[in-house]
Amino acid sequence: MCLILRVSALSRRVLARLRRAKIYYVVWNRHFAPVPHHIINKQAPQARASDRVGNQGYSLESAETIEGEDGMGKGTSLPDADTQVHARETGHRSRASRGIAIVLWVIGLLILAVASVFTHNHPDPWSFELAFSRTVQHLPYWSWVPPLLDFFGTFNNPTPTGIVLGIVFAAILLLGWYRQAFFLALTVGIGNGIDALIGDYVVRPRPSANLVHVDVLLKYNSFPSGHCCHAILFYGFLLYLSFTEPVRTWRYRWALLPLQIIAVLNVLLVGFSRVYEGEHWISDILAGYLSGALWLALFIVLYQWTTNLLQRRRAKKVATHSMAIRGA
């Protein structure tokens, strides 16, 4: 008789643990591998009916509401738990992406620093640079390509660039986009300033007319290319603004498409045109692009941080004002 009672008690314990395992299985599936809701809704009444017949006090509702073990008396519904898990995963991905971006930025900065020191100690052109410039200058171009390259090279000279920057800056101010205008001027001004300081440190001479064809003899520093750096800073920041608020929601944004195409062409062709004109070596061009990209990325991050900070403050003020109105 005692053996029968022990077997019966053991059977009840096993059944109870099986029911718990079933509940945990449902919780696991809905928490990490969500099942379509129509399947869950069909299974839920059957599971509750089966559990009520067993009269063991376990129902599928415990799978939908997980009681806290600290006795707080508040449950966390599974949809809320799914939302929290999704938010945590999104936060992890965002932090991982931010970490990768920081690492890449630091690597780019180190490459620019090492290249600057190396070029400072060895300012003469390398054989591959000389071969590249001569190849670019002696390619069989169509008749319209050389004037196009000359145009992009001349268009990015200091005087035309200053005029274009002033016009764009004034237009953005007239549209009431003061923060965008401020960061555009900040990005171009500081980025070009840092690039000029690097050039003053390296002090690399321009290509010699004895080695390659030179359109205009210049005495400014050759490394890194100021034209390429400015093109990345100016046109890159304008392109970024064109895909963000409030430009993205502007009703005349379709009119910006030709300007976006011109900006992309300037970025892509200015480097090639500088080599074609004999104003820079290829390493100067690459360093100018890298320098511009580094400072552009830095100021875009600062712009995003400032925008988010202002939005949070604005939302806080609105919430405080609403609470004051309700209290009154």
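Read the figures in this text as sums done on the coordinates, not as results from a lab. Note that this is a predicted model, so its numbers are computed, not measured. Here the Cβ is made from the backbone with ideal geometry for all residues, glycine too, and neighbour counts use every protein chain on show.
Descriptive notes on the structure:
- For Val301, Val136, order by how many other beta-carbon atoms lie within 10 Å, fewest first: Val301, Val136
- Nitroxide proxy distance, nm - points 7 Å out along Cα→Cβ at Gln311 and Ala170: 3.2 nm
- Under the simplified labelling scheme, the His321-Ile190 pair shows an inter-label distance of 3.1 nm, with each label point 7 Å from Cα along Cα→Cβ.
- Under the combined filter of DSSP loop state and at most 13 neighbouring Cβ atoms within 10 Å, region 242-328 retains these chymotrypsin sites (Phe, Trp or Tyr not before Pro): Phe243, Tyr252.
- With 0.36 nm allotted per residue and the present C-alpha distance subtracted, the His120-Thr249 stretch has 41.7 nm of extension available.
- Cβ-Cβ distance of Ser242 and Asn210, R₀ of 51 Å, FRET efficiency by 1/(1 + (r/R0)^6): the value works out to about 0.70.
- Taking Glu279, Glu245 and counting other C-beta atoms within 10 Å, the order from fewest to most: Glu245, Glu279
- Near Val247: Cβ cut-off under 15 Å, other residues only, Lys/Arg at +1 and Asp/Glu at -1. The net charge is +3.
- Local electrostatic count at Met323 - Lys and Arg +1, Asp and Glu -1, tallied over other residues with Cβ under 14 Å: +3
- Calculated on the Cα set of region 170-323, radius of gyration then Dmax: 19.2, 76 Å.
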